[in-house]
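To keep things clear, I will list the structure first and then write my remarks on it.
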Amino acid sequence: MQARSLLTPPVLALISLLILFAAPAALAGLKRIEPGDSVSLDADQGLIVVAVDTEDALHSVRLVKDGKLLGSGVLRELPKGRSYALYRAEAGLYQWKEIQRIAYWRFKLDEDPELKFEVKAGQLNYPGDLLFDGHGLFHADWLVSNRSLRALDWLQRDFPELLARYEFAYTGHYPDPFPAYYKAYAAARKGVAVGDDRLTPAEATELPLKPELLWQRAQTLSADISPDGRFVAVQLRPEEERWQIDLIDLKQSTRRVIAASDKPYASVEWSGKNRLIMEVGDYGRRIIEMLRIAPVDQGDHGYAAVRLRKEGLLVDTLPHEPDHILFGSYSLRGDLMVHRVDMSSQRTVNEFKAGLLARINHGVKNDLVWFTDGRGRLRLALAQGDDGPVLMYGIDEEYTALAALEDLPGFRPLTLSFEGDQIYGLTDDQRGQRDLVVYDIASRQFTQTLFSREGVDVNSVILDPQRVPIGISYYNQGQLLTEYFAASDQKAQRLFQRAFAGKSTRLISRSADGKQQLHVVDGGDQPGQLFHFDAPARNAALLFDLYPELAELPFVATTPLRVERSESMAIDAFLTLPESDGKRPLVIYPHGGPIGVADTLHFNRDVQFLASLGYAVLQINFRGSDGYGRAFREAGHRNYGTLIEDDIDATIKQVLADYPIDAERMCMLGSSYGGYSALIASVRWPERFRCAVSMSGVSDRLLHFTATDSAQTPELREMLEKVIGNPRTDFEAMRAASPIYQIDDLTTPLLLIHGLKDQRVDPEHSYRLARLLKLDGRPASGLLFPDEGHGIADPATQHKMWRVIAAFLQQHLNSAVSKDVAAAES
C-alpha cells in the first residue's frame, strides 16, 4: 500500500488543462469504447480494462502511456464504489498518473513504480483494480488488486462479443491462470452465471451462550501504576461510546473518575510520580492532556488539567522533565514534526506553535519513528531511504546512517539505552530462536545476548526506570510466563505465578522499585482479570474483571497436548473438551498466519462459543508457528497445504485415539490461513469432514500474490516467494495446492465468509470459489460484509457471523447421519 499526499497548485492544474484543450489531436492515444461500438484493432493495438474502486467520489483518474500526459485516458466523476471503462490503446508501458478528489487537488501516482503495467496487442489487458481510500483532503492510500472475475462479469454484461473475440489476460507481476480456467470451466457447464453465487445461510436463534454476551467489549482496557506505587490509573469503558480514566489511591483505598471522553484513550502514562499524560483519538490525530495531582494523606487530592489542542501524537513523556513532553504532528505535506512542549500551564500550552522551522527533528528526511535516550533527546530515527527503511543516528540535528534494516535481518529495535549508545532489541538472525540482544552503536555490532534459551522465542521485555532490561516473557506450551534476571525479582514472580497455577500472567506495569505491580491474569476457561500485586506483603488483590458480565459464567477448560512428529520435532496442541455422556463432535480450528502466529492458553471467545454448543475444539501450533524457535518457524516455509496440514492430520489422529471424539462428526473452521487450511484439508481428505468454514480464506495461492497488500513492493514479493513459493518457478505445485483448481475434489459443504474491504486476502478468493461451485450445481453458503476488512471488527457483525456459524455447524454436526446424507440435505 502506498501513502502519499500532494497539493498541486491550481495554476499548474490550469496549465495542464490548457495544454489538453490546445492539442485535441494528441488525445487519440487512448480511445474509450462504449457498449455497442464497432471495434477493430490494428496490429499494434490492444484493449485495456480499467477498473477503479474508491471509498469516496472522485473528480477524475488519469492513465498515461510512457509517462506522457498527452494522449491519456481520463475517467471523470467517479461515484463511490467500482467503476469500469474499456479503452483501445497502442501496445506499450502504461502508468496510473494521478487521482483528483476534487478539481485542482490531486494525488500524483506516477512516482509509484507499482502502478505501471504493460499492454500487449491483440488481447484484453486487465492490470487489476486501482483501490483508493482518502483520509481527509491531503492523505490517501492506494494499491492495485487483481479482481479479474468481477472484471470478466462486467465484460460479459457490456462487451460479450469482445470477450468472446479476444483473450482476457491479467498483466500484473505474476501469472493468473484463472481467467482461462474459468472460461473453460464455464463452457463445459453451459454458460456463465453472473449474480449471487452464494446460498443465504440461516442464523441460530436459541443458543446456550449468546454471542451478544460473549463478544461484549472489554470494560477495563489499560492500566498504569505511578512510579512511587501509590496511584493506579485505569482506562474503563462503562458505556458503548464512553471512556473514562479512574484513579485508584492504593494508600487510601479510594477511587474516583478523573477524566472522560467520547473516544478511546490511545495511551495513559505516568511522567513523574504525580503527572499523568493521556492521549485521546486516532494515530497522528490525538489530543494530549496532562493531569497534575497534588496528593494529600487524607481526603480528596488536588487536580489540575492542561490540554494540548493541536492534534498529533506523544513521542516521549520526558519523565525527568515532568512538565514537558515531546509532541509529534504532521505538516500538510505529511512531514513529521517533533516539538518540545512546555505543559506547565494552560498558558504555555496555548502559546505553543507547531511549524517546520521550530521542530527539533531536523537533519533526517522522511523520518517515520523516533527513539529518545533517557534524557529525552532525539537520538535514533527510522526513516524511509531510497532503498528501503534505514536507521539514522546522532544528536542535536546532526544524524548519519547507522544501518539499513535489510542489513539487520530479523532485528526488532525496542528501545535505546539511557545514554543512547546501545539499542536493546530482539533478533533471530543466525540464531536458533528470538533472543534479547544489545546492539552497540559505536562498533555497529551485536555485542551482548541478554537472554537466550534453546527453542524459546522472547515475547516481550521488562525494563527498569533506567531502561535496563531486567526480565522477559515467553510462551511455554501456550502459557505466558515471566522470567526476571535478578534473583529477588524472580522469587517474587514465582510466588505470584504459584497463586495462579496454570494461568497466564502478563505484567503490564510496575513501580520504580518493583514492589508494586499490575498483572493481567487469564486462562483458557477464565476471562482476563486485573490484579494489584504487593510483592513485600505477598498479596495479590483483584482490581477489575476485564469482562464483568462473563466473570461468573462457567467455561470449559483447555488441555495442552504434545504430538511427536519426528525425533527432532514435536508440536503443541490444545483441546477444549466439554462435558458429555458420549463422544463429542470435533471442530478443528487452525490459526492464521501461518508463519509467526500461534495459539495460546489465553481466554479465547471463539473457542468457548464453539464449546458451549457441545463441540470439542482442537487448536494446533503446527510447524511455522511462533514461540518455538527459528527452525520451527522456517519449517513452515513453502509447506502451505502440505506438511503443515500433515501436522494437523497427525494431531487429529492422536486426539481421536486418546479422547472421546466422534470421528464421524468433524468440521474444520478457520480464518485467513486457517480458512485456506479448512479448504485444502477438505480437498486432501474429502471423506473426513462433515463441513468446512472459511473466513477470509485463501482459495487460490497464485492469486494471493496479485491481490494482497502484502505483495505491493519488490521486497514484500521477495519475502512472499521465500515463505510461500514463487508463482513463476513453483507454478504447478502452487496450483495443485490451491483449492480452486481442485474443485472437483472439494465436495465438503462450505460456508464462506469475507469482508469486502479485506486487502490482505482479497474477497476475490471467495468470489472465485463460490462461482465455480455454483456453476457445478453445488453452491456454497456465504456471508459478505461490506464494511469489514481482514477480520471482523464490528460487534453486530461478529454476532451475526457466529450465529450463522452455529447454525451451519448444527446442521452438519448435530445428527448422526453420514456426511453424504448431510450434504444432500444441505
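The values are calculated or read from the model by the stated rules, or taken from the named source; none is laboratory data. Since we're looking at a predicted model, the values are computed, not measured. Here the Cβ positions follow ideal geometry from the backbone for every residue, glycine too, while neighbour counts run over all protein chains shown. Only protein heavy atoms, including side chains, enter the accessible area calculation; ligands, DNA and RNA are left aside. Shrake-Rupley method; radii C 1.70, N 1.55, O 1.52, S 1.80 Å.
Details
- Total residues in segment 456-470, condition over 19 Å from PRO413 (Cβ atoms) and either crowded, with 19+ Cβ neighbours inside 10 Å or among the hydroxyl-bearing types (Ser, Thr, Tyr) (or both): 1
- Considering segment 360-373, the residues that are surrounded by 19 or more Cβ atoms within 10 Å (Cβ to Cβ) and either touching a residue at least 60 places away in the same chain (Cβ under 8 Å) or over 29 Å from the mean Cα position of the chain (by Cα) (or both) include one that is nearest to GLN422 (Cα to Cα), namely ASP373.
- All positions within segment 433-455 that are buried (at least 16 other Cβ atoms within 10 Å of the Cβ) and within 23 Å of SER625 (Cβ to Cβ): GLN433, ARG434, ASP435, LEU436, VAL437, PHE451
- Note on segment 471-505: residues that are assigned to a strand (DSSP E or B), surrounded by fewer than 18 Cβ atoms within 10 Å (Cβ to Cβ) and among the hydrophobic types (A, V, I, L, M, F, W, C) total 1.
- Every test in (1) more than 16 Å from PHE485 (Cβ to Cβ); (2) open to solvent by 20 Å² or more (accessible area, probe 1.4 Å); (3) part of a strand (DSSP E or B) is passed by PHE418 save one, and that test is (3).
A quick yes/no check of all residues on (1) open to solvent by 20 Å² or more (accessible area, probe 1.4 Å); (2) touching a residue at least 40 places away in the same chain (Cβ under 8 Å); (3) closer than 20 Å to GLN45 by Cβ; (4) within 26 Å of the chain's Cα centre (by Cα):
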| residue | (1), (2), (3), (4) |
| --- | --- |
| GLY122 | yes, yes, yes, no |
| GLY128 | no, yes, no, yes |
| ASP133 | yes, yes, no, yes |
| ASP141 | yes, yes, no, yes |
| SER148 | no, yes, no, yes |
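- Every listed requirement among (1) among the hydrophobic types (A, V, I, L, M, F, W, C); (2) free of Cβ contacts under 8 Å to residues at least 24 places away in the same chain; (3) open to solvent by less than 30 Å² (accessible area, probe 1.4 Å) is met by LEU542 save one, (3).
- Residue match in segment 567-574 (condition: closer than 25 Å to ASN604 by Cα and among the polar types (S, T, N, Q)): no
- Residue list for segment 743-778, restricted to those being at negative phi and open to solvent by 50 Å² or more (accessible area, probe 1.4 Å): ASP744, ASP745, THR747, LEU756, LYS757, GLN759, ARG760, LYS774, ASP776, ARG778
- Within segment 550-609, the set of residues being in contact with a Ser or Thr (Cβ under 6 Å, 6 or more places away or on another chain), of a type in the set (Gly, Ala, Ser) and outside any strand (DSSP E or B) comprises GLY592, ALA598.
- Some residue of segment 251-260 being hydroxyl-bearing (Ser, Thr, Tyr), open to solvent by 30 Å² or more (accessible area, probe 1.4 Å) and assigned to a strand (DSSP E or B): yes
- Within segment 554-569, considering residues that are surrounded by 13 or more Cβ atoms within 10 Å (Cβ to Cβ) and at pLDDT below 95, the one farthest from LEU495 (Cα to Cα): ARG565
- Single residue of segment 271-281 satisfying the filter (open to solvent by less than 20 Å² (accessible area, probe 1.4 Å) and either closer than 13 Å to SER222 by Cα or aliphatic (A, V, I, L, M) (or both)) that is nearest to the chain's Cα centre (by Cα): GLU279
- Against the conditions (1) open to solvent by less than 10 Å² (accessible area, probe 1.4 Å); (2) under 30 Å from PRO113 (Cα atoms); (3) free of Cβ contacts under 8 Å to residues at least 60 places away in the same chain, LEU703 satisfies every one except (3).
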